[in-house]
1. Shielding of A:16-29 by partners, i.e. mean partner chain Cβ atoms within 10 Å per residue?
2. With all pairs of different alpha carbon atoms counted, what Kirkwood hydrodynamic radius in Å does the stretch B:205-334 show?
3. With 10 angstrom as the radius, rank B:399, B:552 by how many other C-beta atoms surround their C-beta, starting from the fewest.
4. Using Cα atoms only, what is the angle between the long axis of helix A:15-25 and the major principal axis of chain A, expressed in degrees (0 to 90) to the nearest 10?
5. Using just the C-alpha positions of the stretch A:47-155 as equal point scatterers, what log10 of I(q)/I(0) does the Debye formula give at each q in 0.12 1/Å?
6. Just from its helices, what would the mean residue ellipticity at 222 nm be for the protein assembly as shown, if runs of 4 or more DSSP H residues each count -39500 (n - 2.57) and the sum is divided by every residue, rounded to the nearest 500 deg cm²/dmol?
7. Enter the angle in degrees (range 0 to 90, nearest 10) between the Cα long axis of helix A:129-139 and the first principal axis of the Cα atoms of chain A, meaning the one along which they spread out most.
8. Going by a ≥ b ≥ c, the root eigenvalues of the Cα gyration tensor, does the stretch B:297-360 fall in the rounded group (a/c under 1.5), the prolate group (a/b larger than b/c) or the oblate group?
Ligand SMILES: Cc1ncc(C[n+]2csc(CCOP(=O)(O)OP(=O)(O)O)c2C)c(N)n1
Ligand SMILES: [Mg+2]
């Protein structure tokens, strides 16, 4: 099962490596990990998407808590979180009907065109993971040239944590 | 305020922390620190290898309960500490290890004697620090001591770039460390403790399964009182030896792979298993789904990650072991009738255990060749009442020491349990002897292991640390040979130690006393001579080459499934 874990850590060098080595050293999976400063510059927020049964998730949370630089660990279950991912896509398409169709689909997914060139197109898509996955499936036939995807960021909804 | 160098600040803070002893080895990156060292009251012991500095600090810490301190230079000095740190980390031993580092502007440049020791030791320390500014040094050292010694203890490394050691700033007044993300829970939850006691009071076949946490948490007295009050039998892990007096009828001895028959049977048949500062290690549990399969499990530990890691626990209690056992004792005292009924109700259980005890005692056949078990029994006999400290190397020697010595005191047993580090015993004994110059400190060694840190004989001679090294010389890497005999058709691959040094001459070369016994009748006089000698001694005891450690639970089997001879 997929789990989203939100981790507040002290914003110090080496913290990311401590967390990464905890996961690798104990054989836990990381599906994605994002990290950035919070409103308080001395604290960073990490969103880790991981896979495991309840027993493993319990160990992951406890082991994270045990790290000295970790301030808070919250498991964000599906119902109580807001999450987003973003993907940037570059398509090799010339002007023509194919491009028009692509643009229409991008619009369906509320994507934004960031750059429109003669032979290529860069698009930004943002949304919940399911939406991104669906969009990627639909857009796959359009010869995606390059893709860069963020991991998930997530916050607990008000009053839920 | 007067400015001081990083070196001076460090030594001042060590003084404030009450550090009396440093084990170390100098080099370019820490030369300025060594320059200041003689100005301070802290005693420095020059070891012969940095691994031994860390093991010595570790032995010192285990024997005293204080935090052990080691100091090494950058690069190879630092990397040589890794085994020591990992050993301490696995056994939760509080250490603060200082390593030199190249100056901050050179970090990352592959400078001479640079090693990313913070990166290397991250997984084998409780925490580690790279000090980037001399202004942070004092705070970091205080944090390091706080982290090492509190909660579940462990080693902490502080990496000191040379410019931090020579840099100057004003020393501040010590303040209590404030760590946002670190606040170990000491007080056991009263509701959980109450629930646990209800279960314990009702148990018909309870067992206390005691680990190193009881020793580290200094709770031997509380444990003993509780076990006696409720007549609950006690088994200890390798790390827990000494937490409960083995001469008490309630003692089951050690459990696990080389545990006693009665301990393994009692745990297997128990209806309530109370794990105290233990972590359900695979060498203890054997096949996990058959470990105490019918028991309700109560688990007390200061480290939440230990709980429900390997087995599902019915009643978890996170807290300091002394606090929890203290609260349990209060509940016992406040319900004397219940306690009385409880202890009286265990008669049948204790009789069953006595039958197991009589069915299969730890035993061996002494014939014309010296048996290693006989040597350990002799050591036990000759040191009875003298409160000795026993360290061990790793392998059969370690298991025989664990089985045949009668442990009655906590903090008198130094052995590398979690990591199983050959070469641990001599430097650890050295550290303990520094702390207790008057006590008899004995390293029960193997002929293989002793060669891993035998250079420390120079250190014990230099400082006249009268450590007694008793080598159970079987001419083999015996424990591995035992596995090869039992599970690989006696295919003795790379386990024959037929080119060992003459240990008596080796002792002599270092200036220690060397003695040898080759016949059973010589064992006692030789040991007596060794123990009476005022200086360090190496005793080479030629023992039966192919003796095995029994009982033995083959790896992966249930612990009730013991090979008995
Ligand atoms: C540093 C290290 N290397 C290898 C091992 C694997 N090992 C475990 S016991 C053992 C044999 C030890 O031989 P010896 O010290 O002679 O003890 P004996 O078993 O013969 O009593 C070995 C090689 C280890 N525990 N530690
Ligand atoms: Mg041997």
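1. Average per residue, whole number: 1.
2. By the Kirkwood definition, the hydrodynamic radius is 14.2 Å.
3. The most exposed by this proxy come first: B:552, B:399.
4. Long axis of A:15-25 versus the principal axis of chain A: about 90 degrees.
5. Values, matching the q order: -0.55.
6. So the helix-based figure for the protein assembly as shown works out to -10500 deg cm²/dmol.
7. Around 30 degrees separate the two axes.
8. Verdict is oblate for the stretch B:297-360.
Any read-out appearing in this document is the output of simple, stated calculations on the displayed coordinates, not a laboratory observation. Everything quoted here is computed from the prediction, not taken from an experiment. No Cβ is skipped: glycine too gets one built from the backbone with ideal geometry, and neighbour counts run over all protein chains shown.
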